[in-house]
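Below: the structure, in structure tokens.
The values are calculated or read from the model by the stated rules, or taken from the named source; none is laboratory data. All values reported here derive from a predicted model rather than from experimental measurement. Here Cβ is always computed from backbone atoms with ideal geometry, including for glycine, and neighbour counts include all displayed protein chains. Areas reflect the complete protein model, heavy atoms only, side chains present, ligands, DNA and RNA absent. Shrake-Rupley method; radii C 1.70, N 1.55, O 1.52, S 1.80 Å.
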Amino acid sequence: MIGMPTLLHLDSSAGGTASRSRRITAAFAEAFLASAPGNRVVHRDLHADPLPHLPDESLHWAPALRGAGADPGPDAERLQAGLISELLAADVLLAGVPLYNYSLPSALKAWLDHVHVPGLTAPSPVSGAPLAGRPAVLIATRGGDYGPGTVNEGRDHATPVLELILGTEMGMSVRVVTAGLTLAGTVPALAAQRAGAERELADALREARSLGASLGCPGA
Ligand SMILES: Cc1cc2nc3c(=O)[nH]c(=O)nc-3n(C[C@H](O)[C@H](O)[C@H](O)COP(=O)(O)O)c2cc1C
């Protein structure tokens, strides 16, 4: 860790103040900030302040690994370099991951497309693994029931992609905190599961606060 312990806090929900993932990431960030003097949080709201789609495929590679003649343009390179430095400067990554169409929100996918770069953030023959072992906490929210034996079991295609890219590829130490059944209050077919939904939210908030505090003060 160089300088003050820093949390990079990403939100991607289009849900505004009702968003469960925003509520849980906020609880984590608050606990991280309170756990040691000097801790800081960099908040990036990928929904309110969206990134463009990756404008050129050459940006998927570090400059040394790009094909001949690749020219993504200075504005695109500057934007990507800023996002990558922000990630590399963070001691802990926190991301709100609402499930949209069984996948991750396009706002978060655009961020991932910008920062997953072999040779810069992911290992390649010309680089080390700068993010290896760094904690990444995913706050996964979803409207339905994805428990064992349900029709939705195994249909969450958001967290597996992030675990693969951030964890397997970049080497980060990924933890997932989940709150499901978030639509139990509004979808009649899920009404019988309202108590379970409240329990899942309370458990997720408790787990997020505890993780935020321990990752904000690792030696404690
Ligand atoms: C565009 C969109 C697509 C959604 N697709 C799914 C889905 O495939 N499966 C599901 O269980 N819930 C789905 N939902 C419900 C959200 O996952 C749920 O409302 C969740 O709580 C969103 O996270 P948030 O509370 O942080 O906003 C969808 C919601 C939206 C807005």
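So the check is Cβ under 6 Å with 6+ separation or different chains; which pairs have a first residue in segment 10-24 that's under 20 Å from residue 51 (Cα atoms) and in contact (Cβ under 8 Å) with a residue 12 or more places away in the chain and a second one that's of a type in the set (Gly, Ala, Ser) and more than 8 Å from the ligand (Cβ to nearest atom)?
Going by the 6 Å Cβ cut-off, the qualifying pairs are 10/95; 12/107.
Of the conditions (1) among the hydroxyl-bearing types (Ser, Thr, Tyr); (2) surrounded by fewer than 23 Cβ atoms within 10 Å (Cβ to Cβ); (3) away from the ligand (no atom under 12 Å from the Cβ); (4) under 17 Å from the mean Cα position of the chain (by Cα), residue 121 satisfies every one except a single condition; which number is it?
(2)
For segment 30-66, name all the residues that are over 22 Å from residue 110 (Cβ atoms) and in contact (Cβ under 8 Å) with a residue 40 or more places away in the chain.
Of everything in segment 30-66, those that are over 22 Å from residue 110 (Cβ atoms) and in contact (Cβ under 8 Å) with a residue 40 or more places away in the chain turn out to be 30, 31, 32, 33, 34, 35, 36, 39, 64.
Given (1) part of a helix (DSSP H, G or I); (2) within 16 Å of the chain's Cα centre (by Cα); (3) polar (S, T, N, Q), identify the lone condition not met by residue 178.
All conditions pass for residue 178, except number (1).
Polar (S, T, N, Q) and either within 16 Å of the ligand (Cβ to nearest atom) or assigned to a loop (DSSP other than H, G, I, E, B) (or both): which single residue out of 150, 168 fits that description?
That would be 150, the only listed residue that is polar (S, T, N, Q) and either within 16 Å of the ligand (Cβ to nearest atom) or assigned to a loop (DSSP other than H, G, I, E, B) (or both).
Specify which of the listed residues (33, 59, 112) is of a type in the set (A, V, I, L, M, F, W, C), out of contact with any Pro (no Cβ under 9 Å at 6 or more places or on another chain), over 25 Å from residue 210 (Cβ atoms) and not in a loop (DSSP other than H, G, I, E, B).
When all the criteria are applied, what remains is 112.
Out of curiosity, is residue 190 modelled with pLDDT under 95, within 12 Å of the ligand (Cβ to nearest atom) and more than 23 Å from residue 113 (Cα to Cα)?
Answer is yes for this residue.
Checking residue 81 against (1) open to solvent by 50 Å² or more (accessible area, probe 1.4 Å); (2) part of a loop (DSSP other than H, G, I, E, B): exactly one of these is not met. Which one?
Residue 81 satisfies every listed condition except (2).
Filter segment 84-104 for residues that are assigned to a strand (DSSP E or B) and either farther than 23 Å from residue 205 by Cα or within 11 Å of the ligand (Cβ to nearest atom) (or both) and give the result.
Hits for segment 84-104 are 96, 97, 98, 100, 103.
Which numbered condition in (1) away from the ligand (no atom under 16 Å from the Cβ); (2) crowded, with 17+ Cβ neighbours inside 10 Å; (3) closer than 22 Å to residue 136 by Cβ is the only one that residue 66 fails?
It is condition (3) that residue 66 fails.
When you scan segment 127-140, do you find a residue that is within 16 Å of the ligand (Cβ to nearest atom), modelled with pLDDT of 95 or more, in a loop (DSSP other than H, G, I, E, B) and under 27 Å from residue 190 (Cβ atoms), even just one?
No, every residue in segment 127-140 fails to be within 16 Å of the ligand (Cβ to nearest atom), modelled with pLDDT of 95 or more, in a loop (DSSP other than H, G, I, E, B) and under 27 Å from residue 190 (Cβ atoms).
Can you find a residue that is outside any helix (DSSP H, G or I), out of contact with any strand residue (DSSP E or B) (no Cβ under 6 Å at 6 or more places or on another chain) and open to solvent by 20 Å² or more (accessible area, probe 1.4 Å) anywhere in segment 188-204?
No, segment 188-204 contains no residue that is outside any helix (DSSP H, G or I), out of contact with any strand residue (DSSP E or B) (no Cβ under 6 Å at 6 or more places or on another chain) and open to solvent by 20 Å² or more (accessible area, probe 1.4 Å).
How many residues are open to solvent by 50 Å² or more (accessible area, probe 1.4 Å), within 10 Å of the ligand (Cβ to nearest atom) and not basic (Lys, Arg) if we restrict to segment 18-46?
So the answer is 1.
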